[in-house]
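Before any comments, here is the structure.
Nothing in this text is a laboratory measurement; each read-out follows from the coordinates by a stated rule. Predicted, not measured: the structure shown is a model, and the values here were computed from it. Neighbour counts run over all protein chains shown; Cβ positions are idealised from the backbone, glycine included.
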């Protein structure tokens, strides 16, 4: 059974799972639905009924021991879907976030991760957020979950419950090394960075 995390909580992924070698990271979100009767919120989101046309993109930033992004090849997103060592593979872009379940997934092979990589930061940002005047107040039900690929067991699930209005990017969580173990931290921080490049620059 998955452990439901709260913001700031940390958990040891490898404790009791000595055979853990491959993880699927699922990220999901839904557009905020509006009532067909219209009104201020409906007009703000662009019409009556349905939801906002918001394109969210998931990314992973691979950091070294000092917390730095050592090169653009360590930024995994829809434009660079596979890490150089093949340990991190992105499923590709989902343009709408409609429907239940994971909207984008990332496969992580723990045995292949370069020894120089110590932290993986999972980010979701809104594509062209500034140009479209969109923010995460138009998105609901954002989550991140980790699944053991071998047993198919969902290990952890973290639902982001805060109001992220005005934020164009979310840092959902981080995986990091501690000795030979891998741990996960539920971050849940919103930022005003308009694109993944702006977030990546913070780690340069």
inquiry  = Modelling each spin label as a point 7 Å along the Cα-to-Cβ direction, I'd like the residue 12/residue 81 distance in nm, to one decimal.
reply    = 3.7
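What's the exposure ranking of 112, 145, 17, going from fewest to most Cβ atoms within 10 Å?
Details: 112 13, 145 22, 17 16.
The most exposed by this proxy come first: 112, 17, 145.
May I ask you to derive the FRET efficiency for residue 153 and residue 53 from their Cβ-Cβ distance with R0 = 35 Å, giving the value to the nearest 0.05?
Numbers: r = 35 Å, r/R0 = 1.00.
So the FRET efficiency works out to roughly 0.50.
Suppose R0 equals 22 Å. What FRET efficiency, 1/(1 + (r/R0)^6) with r the Cβ-Cβ distance, do residue 202 and residue 165 give to the nearest 0.05?
Numbers: r = 22 Å, r/R0 = 0.99.
That gives a FRET efficiency of 0.50.
How would 57, 85 line up from fewest to most surrounding beta-carbon atoms within 10 angstrom?
Values: 57 22, 85 16.
Starting with the residue having the fewest Cβ neighbours, the order is 85, 57.
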query = Nearest 0.05, what FRET efficiency do residue 181 and residue 32 give at R0 = 41 Å with Cβ-Cβ as r?
reply = 0.60
